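Participant: Pasting a structure here, questions to come.
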Amino acid sequence: MAKSQFNVSELVTSSIIKAMEDGTPPWRKPWTGGNTGPAFPKRSNGEPYRGINVLMLWLAADERGYTSASWFTYKQALDLGAQVRKGEKSSNVVKYGTVEKEDESGNEKLIPYTRAYRVFNADQIDGLPEHFYRKPEPARDMGTEANAELDALFAAMGVPVVTTSEARAYYSVTKDSIHMPPVETFLSASDYYGTLAHEGAHATGHKSRLDRFEKFQSKKQYAFEELIAEIAASMMAVEFGFKPDFAQSAAYVEGWLKALGEDDRAIFRAASEAQQAVDFIKAAFAKKQTEQEAA
């Protein structure tokens, strides 16, 4: 079992390292071009993929030019009366599970495992219902004004957003606050919210939230925290329609490559932590909305 897990990790990590060396990490793939908005990958039942699988499917979609958001196993396509076209190449996703195993004391324990399985994009399949082939909507033009919905999304975290003329965006751990320049100093509102999402992702690491910072005290660990924030901001950007800020990460790419080369589970952990950050922000927003509706 351990050998299978290692092989899956090695497969995923090597693919991502190559993309990073080419200058296009998979979490940046949805914004590399085209006139349509990015597609968040979904299973055949419409459920969004999570964590490392989002990155892997973004990578595959960009490399092969897929525009559909939907992915299927071979059998799932058949069950819908459809057929994967002859010669089409599958893409890897990762399944997490547990298996019962008896330990040395004779007690049953649940042992986690990771294995790869193969899926096909709807663009590779004939005969699916038409909605699976629908292309994503063009990226919305947010203009240059503040967006009330996005302001509310990040405000729901309970982290003050302090605005001054200082031309720097950052999250202060000691003050537990985000500093942002005025929205009008950005090229567009989309750029502003992309930067705010990055700092908001950092803020989820506070001890009162996901308590992530205790893990990241050294310079190397701080670089890993930057990777988490960039991936989380990219995930939020796809869902909420703004463009993430990648300028802040240039200084960390070499460190990321080194970390991934030394530990083939690092990208799994980064994607998992990023997903938790996104889940936290969205859950706080949903809770706030419920409270307002009940008031």
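The values are calculated or read from the model by the stated rules, or taken from the named source; none is laboratory data. Computed from a predicted structure; not experimentally measured. Heads up, the Cβs are rebuilt from the backbone with ideal geometry, glycines too, and the neighbour counts pull from every protein chain shown. Side chains are part of the model used for accessible areas, which takes the heavy atoms of the whole protein and leaves out ligands, DNA and RNA. Shrake-Rupley method; radii C 1.70, N 1.55, O 1.52, S 1.80 Å.
Participant: If you rank 164, 114 by how much accessible surface each has, with a 1.4 Å probe, what is the order from largest down?
Facilitator: Working: 164 55, 114 5 Å².
Ranked list, largest accessible area first: 164, 114.
Participant: While we're here: With N residues in the chain, what two-decimal value do you get for its Cα radius of gyration over 2.2 N^0.38 Å?
Facilitator: Numbers: Rg = 20.4 Å, N = 295, 2.2 N^0.38 = 19.1 Å.
In units of the globular-protein estimate, the chain measures up at 1.07.
Participant: Now for a separate question. Taking the Cα centre of the chain as the origin, how large is its charge dipole in debye, to the nearest 20, when only Lys and Arg (+1) and Asp and Glu (-1) carry charge on their Cβ atoms?
Facilitator: Working: 35 positive and 41 negative charges, 137 e Å.
My answer is approximately 660 debye.
Participant: For residue 144, which sequence-distant residues (separation of 5 or more, or a different chain) have an amide H within less than 5 Å of its own amide H, given hydrogens modelled in the peptide plane?
Facilitator: 189
Participant: Please list the equivalent ellipsoid semi-axes of segment 202-295, computed as the square roots of five times the alpha-carbon gyration tensor eigenvalues, in descending order and whole angstrom.
Facilitator: Working: eigenvalues 151, 46, 23 Å².
In descending order the semi-axes read 27, 15, 11 Å.
Participant: Pick out, from 198, 227, 146, the residue whose Cα sits farthest towards the positive end of the charge dipole of segment 129-247, with +1 on the Cβ of Lys and Arg and -1 on the Cβ of Asp and Glu.
Facilitator: Projecting each Cα onto the dipole axis, the largest value belongs to 227.
Participant: Also, I was wondering about something else. Carbon and sulfur together cover what percent of the accessible area of segment 45-160 at a 1.4 Å probe radius? Please report the intermediate quantities before stating the final value.
Facilitator: Working: 3330 of 6750 Å².
Carbon and sulfur atoms account for 49 percent of the accessible area of segment 45-160.
Participant: Sticking with this structure for a sec: Name the most mobile residue of 100, 166, 63, meaning the one with the largest mean-square fluctuation, in a Gaussian network model of the chain with Cα contacts below 10 Å.
Facilitator: Comparing 100, 166, 63 in the GNM, the peak value goes to 100.
Participant: What value, in deg cm²/dmol to 500, does the helix sum -39500 (n - 2.57) over DSSP H runs of n ≥ 4 give at 222 nm once divided by the residues of the chain?
Facilitator: Numbers: 8 runs with 123 residues, N = 295.
Roughly -13500 deg cm²/dmol at 222 nm, from the helical runs in the chain.
Participant: Right, here's the next one. Considering the options 25, 284, 188, tell which one lies farthest towards the positive end of the dipole of the chain, charges being +1 on Lys and Arg and -1 on Asp and Glu at the Cβ, about the Cα centre.
Facilitator: 25
Participant: For the chain, with every protein chain kept in place, what is the accessible area per residue (1.4 Å probe, Å²)? Mind showing how you got there, number by number?
Facilitator: Values: 15460 Å² over 295 residues.
The answer is 52 Å² per residue.
Participant: Same structure, new question: Take the cross-link list 18/135; 175/207; 18/258; 175/288 and give me the ones stretching past 18 Å between alpha-carbons. Write down the numbers at each step before the final one.
Facilitator: Working: 18/135 27 Å; 175/207 12 Å; 18/258 12 Å; 175/288 23 Å.
Checking Cα-Cα distances, 18/135; 175/288 exceed 18 Å.
Participant: Going by the alpha-carbon gyration tensor, a ≥ b ≥ c the square roots of its eigenvalues, is segment 112-205 rounded (a/c under 1.5) or, if a/c is not under 1.5, prolate (a/b greater than b/c) versus oblate?
Facilitator: Verdict is oblate for segment 112-205.
Participant: Sticking with this structure for a sec: List every residue whose amide H lies under 5 Å from the amide H of residue 70, counting only residues 5 or more places away in sequence or on a different chain, with H placed 1.01 Å from N in the peptide plane.
Facilitator: 42, 122
Participant: Leaving ligands, DNA and RNA out of it, rank 99, 159 by accessible area with a 1.4 Å probe, largest first. Could you put the intermediate results ahead of the total?
Facilitator: Working: 99 55, 159 10 Å².
Greatest to least solvent exposure: 99, 159.
Participant: With the cut-off at 1.5 for a/c, could you classify segment 91-156 from its C-alpha gyration tensor as rounded, prolate or oblate?
Facilitator: On the way: a/c = 4.83, a/b = 1.61, b/c = 3.00.
Note, shape of segment 91-156 comes out oblate.
Participant: Something else: Quick one: grab the alpha carbon gyration tensor of segment 245-288, order the square roots of its eigenvalues as a ≥ b ≥ c, and give me rounded if a/c is under 1.5, else prolate or oblate depending on whether a/b is larger than b/c.
Facilitator: Working: a/c = 6.39, a/b = 1.81, b/c = 3.53.
Oblate shape, in that a/c is at least 1.5 and b/c is the bigger or equal ratio.
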